[in-house]
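The values are calculated or read from the model by the stated rules, or taken from the named source; none is laboratory data. The structure presented is a predicted model; accordingly, all values stated were derived computationally and were not measured. As a convention, Cβ positions derive from the backbone with ideal geometry for all residues, glycine included, and neighbour counts pool all protein chains shown.
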Amino acid sequence: MAKTDLPILEQRRIEANIIKPIYAEMVERLGKDKAREILSAAITRDSIEQGQAYAKTETGENDLHGFHALLPQWKANGALEVDMLEESDTQVHYNVTRCMYAEMYREMGLSEIGHILSCGRDGTFCTGYNPNIKLDRTQTIM
């Protein structure tokens, strides 16, 4: 998927509206565990490709600074509220205090797979963007 100017929250809403009936059909035919396994594999592959696409559009280095500069896209329109704890050349630490992604998936009846559709793709997006950038998440709102 190519980089777009559409806010990430809106991208995820569009994707979720497409995925919802497909996921429901997979659950009916294959069972919940297999459906989740397939969905997770597809989302992982897609998020790596998205990270690679973002890295290709960078004018500078696709390092931690470049990656951290992407955060406003995920925060656009209040989608994420964060408390920044630390920003250095080698680490960025913050707490998410509000997540409209989680709220959106809950409203759509997709809270059981919201972590697959959004949270789970964050680390693999990093891998695609730059394999040397690692995401450590200790908990999620979702």
Conditions (1) acidic (Asp, Glu); (2) in contact with a Lys or Arg (Cβ under 8 Å, 6 or more places away or on another chain); (3) within 17 Å of Gln11 (Cα to Cα): number failed by Glu49: (2)
Screening Arg36, Arg29 for residues that are over 14 Å from the mean Cα position of the chain (by Cα), of a type in the set (Lys, Arg), modelled with pLDDT of 95 or more and surrounded by 17 or more Cβ atoms within 10 Å (Cβ to Cβ) leaves only Arg36
Among (1) within 21 Å of Glu10 (Cβ to Cβ); (2) assigned to a loop (DSSP other than H, G, I, E, B), the one test that Glu61 misses: (1)
Hey, among the residues in region 55-89 that are among the β-branched types (Val, Ile, Thr) and at pLDDT below 90, which one's surrounded by the most Cβ atoms within 10 Å (Cβ to Cβ)? Thr57
Is at least one residue of region 94-109 in a loop (DSSP other than H, G, I, E, B), crowded, with 18+ Cβ neighbours inside 10 Å and at pLDDT 90 or above? no
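Matching residues to (1) touching a residue at least 12 places away in the same chain (Cβ under 8 Å); (2) under 26 Å from Pro131 (Cα atoms); (3) among the hydrophobic types (A, V, I, L, M, F, W, C):
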{"position": "Leu30", "(1), (2), (3)": "no, no, yes"}
{"position": "Ala53", "(1), (2), (3)": "yes, yes, yes"}
{"position": "Pro72", "(1), (2), (3)": "no, yes, no"}
{"position": "Thr90", "(1), (2), (3)": "yes, yes, no"}
Expected single match for surrounded by 15 or more Cβ atoms within 10 Å (Cβ to Cβ), in contact with an Asp or Glu (Cβ under 9 Å, 6 or more places away or on another chain), on the phi < 0 side of the Ramachandran plot and assigned to a helix (DSSP H, G or I) among Gly128, Gly120, Gly51 is Gly128
